[in-house]
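The structure appears right after this line, and notes come after that.
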Amino acid sequence: MRTHSYQISSILYDYEKYKESCVFGRIVKYEHIRNFLNKSAEQSLTEVNSIGSSYEGRKIHLIKIGTGKTKILLWSQMHGDESTSTRAILDLINFLTMSDENNQTRKDILDSVTLYIIPMLNPDGAEIFSRRNAQLIDINRDALSQQSPEAKILYKIKNEIKPHFAFNLHDQSSGYSAGMNYKSSAISLLAPPFNHQLEINEARSRAMKLIVSIYNGLSELIPGHIARYDDEFEPRAFGDNFIIDGVSTVLIEAGGWVDDPEREYVRKIYFTALLKSFLAISDNNYENEILENYYKIPENKEILFDLVLRNITIEKLDKQFTVDIAIKHETYFDIEQNKIYTKGLIADIGDLSTFFGYDEFDMFGYNLELPKFTNKNYLEVTEYHNKGILFVKKKIKYSNWIEQPINFYSTQKPSSKLDVDLPANFLLSTCNKIRYIVINGYLIDNYKSTRFIGNGIAYP
């Protein structure tokens, strides 16, 4: 009998063949799903139905695949700005509906389970890259009140299908690590509790064992990068309530990975997690897992930053001291540009020896300088940098973002001081020569010519 590891390895070898080309990156909208569903409607293995509409009238769809006794309900993009699972689901549907050397694995799954997939529960939020729906409601906090049509649809489908398992699919902050270390939590897992005492009933026990199986499978691929999500009981959340209703529910959260801002590599890992889940459920292999091993999975810890600069010398009041500076990038969606930009903020200053960065640099011997301003808007960016200028007075229409390593302002000078929660704009010099530029949280080596991947800010 072939093991799950063998089956998954064979499928991942051909992953690019299954990867859905109509979606790439974190912006996944209703039109992407509609185009995919139009293609899927031609597949004899899938059944696609509209199960209702969002608050703004966009259709919400349910895809049915498989003929097995065990029913599995999955929903994605409950939060409109969390799309990694949506992309992984489309890849998975492609895999399940193709025909190739992995046909036996498909048969193992589709003869044993029936999948009910809601690829996008919150199309209104997805349209504007927003966590919340058009009513500004967090759908995953609306399981009790059900003021949103999306929450009503999800509960109605759950009651109609009566699934044995459910998968609540999300994205989490890239700031989480898998335990107290530098390894990012690329995937975190949770069997939601059903009360504040975090007790275990039969439904939760099954979910916990299944998570152990997923963890073991993923550990062969990304060892040390899988975590257990915080299990605080949330009485308004769907996962917690589905467990109460006897549905074994698994929360999967996609997290960060080095040099993967669009979470395309994590998308592949997510695909693998779902595939492993279906295989373990298909042959009931998860039942052999030891329940206590669930608690051995490292907990999510929010100790990662995008950039950490260590041992920077700062002079203040004619005295010097040495600090670490951590920077985090907050994402903003520009509707007109249909693009995600970032604002790099100073997250912390001081002794950050218990924190880590996706990128870290030892700046021992470098002095921090605050940036300068100018109204000369005809120089090259490198000339500004050499002069210590990071803010240029120049009016920009129609955008808040500059796709260059410089900041613009039109009227009032923005703050250039160094402080927590303010934009990270400063220079690092040694022997009175500027070596490094930090512009909107992005680090640039002034001695090297490299392509800038990031953005500056256009202040009003």
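When the range 419-437 is examined, which residues are found to be touching a residue at least 60 places away in the same chain (Cβ under 8 Å) and surrounded by 15 or more Cβ atoms within 10 Å (Cβ to Cβ)? PRO423, ALA424, LEU428, SER429, ILE434, ARG435, TYR436 - these are the residues of the range 419-437 that are touching a residue at least 60 places away in the same chain (Cβ under 8 Å) and surrounded by 15 or more Cβ atoms within 10 Å (Cβ to Cβ).
Working carefully through the options LEU370, LEU379, find the one that is in contact with a Phe, Trp or Tyr (Cβ under 9 Å, 6 or more places away or on another chain) and under 19 Å from ASN446 (Cβ atoms). So that I can check it myself, show each step before the final result.
Details: LEU379 fails: in contact with a Phe, Trp or Tyr (Cβ under 9 Å, 6 or more places away or on another chain).
Going through LEU370, LEU379 in turn, just one is in contact with a Phe, Trp or Tyr (Cβ under 9 Å, 6 or more places away or on another chain) and under 19 Å from ASN446 (Cβ atoms): LEU370.
Looking only at the range 82-91, count every residue that is in contact with a helix residue (DSSP H, G or I) (Cβ under 7 Å, 6 or more places away or on another chain) and either of a type in the set (Asp, Glu) or surrounded by fewer than 24 Cβ atoms within 10 Å (Cβ to Cβ) (or both) and tell me the total. Residues meeting the conditions: 1. One residue stands out in the range 383-399 among those that are in contact (Cβ under 8 Å) with a residue 24 or more places away in the chain and of a type outside the set (A, V, I, L, M): the one that is nearest to ALA458 (Cα to Cα), namely SER399. Does ILE11 fit the bill of being closer than 28 Å to ALA203 by Cβ, touching a residue at least 12 places away in the same chain (Cβ under 8 Å), hydrophobic (A, V, I, L, M, F, W, C) and in contact with a Leu (Cβ under 9 Å, 6 or more places away or on another chain)? When the stated conditions are applied, ILE11 does not pass them. One residue alone among PHE242, PHE233 is over 11 Å from the mean Cα position of the chain (by Cα), farther than 19 Å from GLU16 by Cα and in a helix (DSSP H, G or I), and that residue is PHE242.
Considering the range 438-460, and only residues there that are assigned to a loop (DSSP other than H, G, I, E, B) and in contact (Cβ under 8 Å) with a residue 24 or more places away in the chain, the residue that is surrounded by the most Cβ atoms within 10 Å (Cβ to Cβ) turns out to be ASN455. The strands (runs of 3 or more DSSP E) found wholly in the range 286-374 and carrying at least 3 residues that are touching a Pro at 6+ places or on another chain (Cβ under 8 Å) occupy 339-350. Exactly one residue among LYS397, LYS372, LYS393 is farther than 24 Å from ASN311 by Cβ, surrounded by 15 or more Cβ atoms within 10 Å (Cβ to Cβ) and not hydroxyl-bearing (Ser, Thr, Tyr), and that residue is LYS393.
Among the residues making up the range 202-242, those that are over 20 Å from ILE290 (Cα atoms) and surrounded by 18 or more Cβ atoms within 10 Å (Cβ to Cβ) are LEU221, ILE222, HIS225, ALA237, PHE238, GLY239, ASP240, ASN241, PHE242.
Taken together, SER410, SER416 contain a single residue that is at negative phi, hydroxyl-bearing (Ser, Thr, Tyr) and either surrounded by 14 or more Cβ atoms within 10 Å (Cβ to Cβ) or touching an Asp or Glu at 6+ places or on another chain (Cβ under 9 Å) (or both), which is SER416.
Read-outs throughout are calculated quantities, based only on the coordinates presented, and are distinct from any laboratory measurement. The structure displayed is predicted, hence computed values, not measured ones. Note: ideal-geometry Cβ built from the backbone for every residue, glycine included; neighbour counts use all protein chains shown.
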